[in-house]
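Q: Quick one: the structure is below, questions incoming.
The values are calculated or read from the model by the stated rules, or taken from the named source; none is laboratory data. Keep in mind it's a predicted model, so treat the numbers as computed, not measured. Every residue, glycine among them, receives a Cβ derived from its backbone with ideal geometry; neighbour counts consider all protein chains shown.
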């Protein structure tokens, strides 16, 4: 069985693992106050051209999302997101559990638009009963989205402008940003310039776990470590996060992981299209959503795992194939050959 | 510098690391639904002689504490703890952030007593204004305590009885239970029999991270995984937890780590006492709290790190020396020699 | 200016006021533990034919909603409501502030359907990733709805059945139930039979303030007064609530207030329709939503206040006219005459 | 039976009741945006010599406390209070339910000291592990305290200075401030000058209900009405609060109520002392805490209700006698005569 159902099925990239092994017996201060975290933070600041940014390392995405959002909002504020945004749909109400509403707006392709941000804020501030409604206090988006789609630089600039027009911060969930960087015209310095806070996902891009939060907005920096601790996100052996991000950020490994996976995913996409299978959505990143005849899917499933997405009609099913850092060219070759043979 | 300031300064025990390396390229289902977690859970159930228990793996202690407590309490309930309990004093209000008061009672040695549980509950239920007060809804204790002290079996039995008399569950924080098992007459089956929920700490006993929650009370089992997810404690690559606990629970490694550290700590304690240094508290576990003349502490600190605890008078300071899985006999020998030479 | 913009613009019905005056100097125990509250509760139990029900008195609707919902749900559960439900749209995120998501479903007329309840629950329990989603834990509806529409008995029976099929309680917000009883085939005993918890609104039906919560589901009764206190809803001079509900429930005053207002509203509705003004929605209760040409609205607004609802096209606006306990027949006569004269 | 067990047993002062009756049929905008609230706020600003202050009206004390505290704190912050402070001991964990810890310090007489504020803050900011602890974010005190004691002006000045030294706001719970003003050298303008937020209690001083919040600190003003709504404290017929506070603040009725009750209480205190009964604490306000021989208490209880406080030895009990706006001189005369006759 060659596995394509998600991008967190295997362990760490060999270089990350090697760094963990090499440092295993070092005795370090706990809670992220060690040299490895300091160094990894420095590498990230450099990559983002954001010398003033604060960088923090957390273990997982839900934890990171809820910590950032709870840190930024006052009690009567909510966070704007698409309805299919991870915080709205796949975190068991983690944001609400911190007391805040997700202000969900519809989306076909998983992307939020600047016009939607403008619309939510404008309609709030022009409503005479606004005090009876949740005030928009933050904009959340993920890039790539849940559907594998990515924002263009100009789209992100417009969203940033819309958020800042209403004096609310823009938060970008970069759990899969390694793949987004490889598939769009957005760079890390763009993120640092346009977002108030964002994170570089490690879990889905070569680390055992770990998300690196970058805070550029001065107002969001204050006391952030208290919040990490309170929400249970402060790893005792915090250096594990620093060590992994050192490995990822040195010599461009992070970008390389993203590029390789996206190239493999594009080969896969082409194979589906060449075979005549439509895509549920045209994703330029490591997640691909072909619509397959059920009998072909059944055949393929004997040797390749994928993730069920939805039925599109009686005889067809959309599934997700994910490429990850550990996907080999042989995996892709074999899958393409078997697609062609269907 | 030989380091004694905490028990989470180094990485994982070689056998744990080896297991992580060996399984690194396995592709597993995410979120703890893999074979390694299932197997580790089975080993823990066996060790606890609790075939019906639910076992869950979380990353860290604060996260585990807040998740268990929030899962168990109704909104108007609080959790009884000593004032120096970790949840009351060292988790940045994590329990309160889930909406619940910690009902703190005083303690000299870090231990809660059955009489205190009885007193808090009795005084609540006999107060005619009880509806204006937080209802005791759970008993929390850690074993060993923050001061390294341990409960005897009969003490734990009495606390369990007091809690259950008032129909509230007993939760035991076992972040350092590996050392507690080596220093008391309490066994894992005792914990399973007397507690409603408890956990085996991995972070401080040979793992990179990880706490194994054991739920024996049927009423606390329901939907616990939703809670883990909501509070940000569900690791995407959950198998990392399973793999580590497999290594710890197989062949008695967990117990062995505890025993070795306690034996080393006892040698250290004897050296302090032989030198004429009193102990702040008589701890039978891996944390030792000698009171040193300041000039001797200064001398020792050149080669040995310890953790400042408190001033006991103008010229003396209590410090904490921690033994960990990675402390070598050479570390202990050298430290003892230098104590004797003071 | 004759005022029709809401149903809480004036004070209390004369009989309610009289009762408050008459009892003003009585010295009563505080916090709702007085004879008036006990008597009013008894009258409500009788009217509902629910001798086992618990009855509690709170001050206002938002407070009542958040207290009931927070009392009933576990942390990972949410409450099903229409998107325009008061808890979702007009309470500043009060439910989320207690930690729970509102699971909002669309509605044209403000009404929830049994099919929607079934759909939300079924899709949750058949989702293999359900632990990553908020679990439906309660059904909320208001009757009459925000749009003045009402449920039929068979609709309510179907919703009750759908909720109970999934073992979740049905909560009916009866802020305007006085008007609902006058406009549908549902009776108070029906509410007690079909709902697990509901309330009779006093604020909008003749009281200065006050909502009477009726809990029929045994599981929801436990410790409810603790919850009222914790959420700030326990009135020190609680007897004010008892005294008012005594007045409302004696001699059918509550029902009478509802009937009179609905009859007046129907006269108003007929006047709008006779004049050729369509209704935004056909409401059988005390709230009427005519669509008026803007110039006519402007003319009418000189002497009659109403509540802006929405623009329906460039020249037309939907507004809300509310009838209340204090609306006189002269108010209605004058308004109808002026509509006819437009 | 003459009742002395609390100061909220009867309804409203005749002048307050009269104002409610007189305005009952006025149709006003809801939610506190009416002329009566505006006028009452203006009267309070004048009385406080605080022309820039924001004034809001809420229904009850717990609600007011939790709303103010939740509005002011960030998630990792707690509120300093004495252990016997109302928010710590008698509100069913209302503050914790908003996510915040009460940082409780001991007190013999119910009063907090500037030294305690200094100590809590200093020890927090000098603790190297402070990020693992709840950050002090507000100072709460009530004046008079739960024990009827009052702060002197210089004590309040010192506390204000200590709080502001650490840049945290001072919040004064004035549920009984009417009596405090009559018993100390503190004036309303002093409160406005020294506190960042405080409230004038109506419930215990002549109103049916109602607390008037005065916010002088600019940073605490923002969006406060959203918070009131979210926490369920926004009364639909908000004008009821305005009308009552108009009556209380006009012609010095509020101060007069306080003075009269304090004078009556002092007569009572003297009678207890003259009889040779010690006081549990020397309260200069409307709450008196004599220690009575049990047989005398039993005798007195036949005609006078009081509130059980605590046993002081085998044969003696401390009880609370409360004077309220509705206590008559005849009540006091009769009680004193019966004390003398014991």
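Q: Suppose we keep only residues that are within 14 Å of another protein chain (Cβ to nearest Cβ), at pLDDT 95 or above and more than 19 Å from residue A:83 (Cβ to Cβ) within the stretch C:127-145. Which one would you say is surrounded by the fewest Cβ atoms within 10 Å (Cβ to Cβ)?
A: C:131
Q: I would also like to ask the following. Kindly check whether there is at least one residue in the stretch B:150-157 that is over 17 Å from the mean Cα position of the chain (by Cα) and crowded, with 24+ Cβ neighbours inside 10 Å.
A: no
Q: Confirm whether residue A:124 is surrounded by fewer than 19 Cβ atoms within 10 Å (Cβ to Cβ), assigned by TED's automatic domain parsing to the domain that holds residue A:174 and over 20 Å from residue B:227 (Cβ atoms).
A: Numbers: surrounded by fewer than 19 Cβ atoms within 10 Å (Cβ to Cβ): yes; assigned by TED's automatic domain parsing to the domain that holds residue A:174: yes; over 20 Å from residue B:227 (Cβ atoms): yes.
Criteria met by residue A:124.
Q: Let me ask something else. Please determine, by comparing only the residues of the stretch A:91-128 that are outside any helix (DSSP H, G or I) and under 15 Å from residue A:73 (Cβ atoms), which one is farthest from the chain's Cα centre (by Cα).
A: Residues of the stretch A:91-128 outside any helix (DSSP H, G or I): A:91-93, A:98-113, A:126-128.
In the following step, the residues that additionally are under 15 Å from residue A:73 (Cβ atoms) were identified as A:98-103.
Numbers: A:98: 21, A:99: 23, A:100: 21, A:101: 21, A:102: 18, A:103: 19 Å.
This residue is A:99.
Q: A further question on this structure: Within the stretch C:142-161, does at least one residue satisfy the condition of being within 30 Å of residue B:97 (Cβ to Cβ) and either touching a residue at least 24 places away in the same chain (Cβ under 8 Å) or in contact with a helix residue (DSSP H, G or I) (Cβ under 6 Å, 6 or more places away or on another chain) (or both)?
A: Filtering the stretch C:142-161 down to residues within 30 Å of residue B:97 (Cβ to Cβ) leaves none.
No.
Q: Does residue B:250 satisfy the criteria of being modelled with pLDDT under 95, in contact with a helix residue (DSSP H, G or I) (Cβ under 8 Å, 6 or more places away or on another chain) and more than 10 Å from chain A (Cβ to nearest Cβ)?
A: On the way: modelled with pLDDT under 95: yes; in contact with a helix residue (DSSP H, G or I) (Cβ under 8 Å, 6 or more places away or on another chain): yes; more than 10 Å from chain A (Cβ to nearest Cβ): yes.
Criteria met by residue B:250.
Q: Would the stretch B:11-28 turn up any residue that is more than 7 Å from chain A (Cβ to nearest Cβ), outside any helix (DSSP H, G or I) and closer than 26 Å to residue A:231 by Cβ?
A: no
Q: Output the number of residues of the stretch C:74-97 satisfying the condition of being crowded, with 24+ Cβ neighbours inside 10 Å and touching a residue at least 40 places away in the same chain (Cβ under 8 Å).
A: Number of matching residues: 8.
Q: Return yes or no: is residue C:108 surrounded by fewer than 20 Cβ atoms within 10 Å (Cβ to Cβ) and away from chain B (no Cβ under 14 Å)?
A: yes
Q: A follow-up question, please. Determine whether the stretch B:40-55 contains at least one residue that is surrounded by fewer than 21 Cβ atoms within 10 Å (Cβ to Cβ), closer than 21 Å to residue A:208 by Cβ and under 25 Å from the mean Cα position of the chain (by Cα).
A: Looking through the stretch B:40-55, none of the residues is surrounded by fewer than 21 Cβ atoms within 10 Å (Cβ to Cβ), closer than 21 Å to residue A:208 by Cβ and under 25 Å from the mean Cα position of the chain (by Cα).
Q: Next question. I'm told residue A:215 meets every condition in (1) in contact with a strand residue (DSSP E or B) (Cβ under 9 Å, 6 or more places away or on another chain); (2) at positive phi except one. Can you identify the failing condition by its number?
A: Here residue A:215 clears every test but (2).
Q: Which of the residues spanning the stretch D:74-90 are under 28 Å from residue A:69 (Cβ atoms), assigned to a loop (DSSP other than H, G, I, E, B) and more than 14 Å from chain C (Cβ to nearest Cβ)? Talk me through it step by step, then tell me what you get.
A: So the first thing to find is which residues in the stretch D:74-90 are under 28 Å from residue A:69 (Cβ atoms), and the list is D:74-80, D:87.
Next, from what is left, pick out any that are assigned to a loop (DSSP other than H, G, I, E, B): D:74-76.
Passing the criteria: D:74, D:76.
Q: Only one of these is more than 7 Å from chain D (Cβ to nearest Cβ), over 30 Å from residue C:332 (Cα atoms), in contact with a helix residue (DSSP H, G or I) (Cβ under 6 Å, 6 or more places away or on another chain) and assigned to a helix (DSSP H, G or I): C:50, C:40. Name it.
A: On the way: C:50 fails: assigned to a helix (DSSP H, G or I).
Answer to the check: C:40.
Q: I'm trying to understand the selection: among the residues of the stretch D:12-28, which are under 25 Å from residue C:62 (Cβ atoms) and buried (at least 18 other Cβ atoms within 10 Å of the Cβ)? Lay out the reasoning, then the answer.
A: From the stretch D:12-28, those under 25 Å from residue C:62 (Cβ atoms) are D:12, D:20, D:23-24, D:26-28; that's our starting set.
Answer for the stretch D:12-28, where residues must be under 25 Å from residue C:62 (Cβ atoms) and buried (at least 18 other Cβ atoms within 10 Å of the Cβ): D:12, D:20, D:23, D:24, D:27, D:28.
Q: Looking at (1) touching a helix residue (DSSP H, G or I) at 6+ places or on another chain (Cβ under 7 Å); (2) over 23 Å from residue A:209 (Cα atoms); (3) within 13 Å of another protein chain (Cβ to nearest Cβ), find the lone condition where residue A:232 falls short.
A: Here residue A:232 meets the rest and fails (2).
Q: Now for a different question. Given A:58, A:66, which one is touching a residue at least 40 places away in the same chain (Cβ under 8 Å), more than 25 Å from residue A:187 (Cβ to Cβ) and within 14 Å of chain B (Cβ to nearest Cβ)? Write out each step before concluding.
A: On the way: A:58 fails: more than 25 Å from residue A:187 (Cβ to Cβ).
Only one candidate passes the filter, namely A:66.
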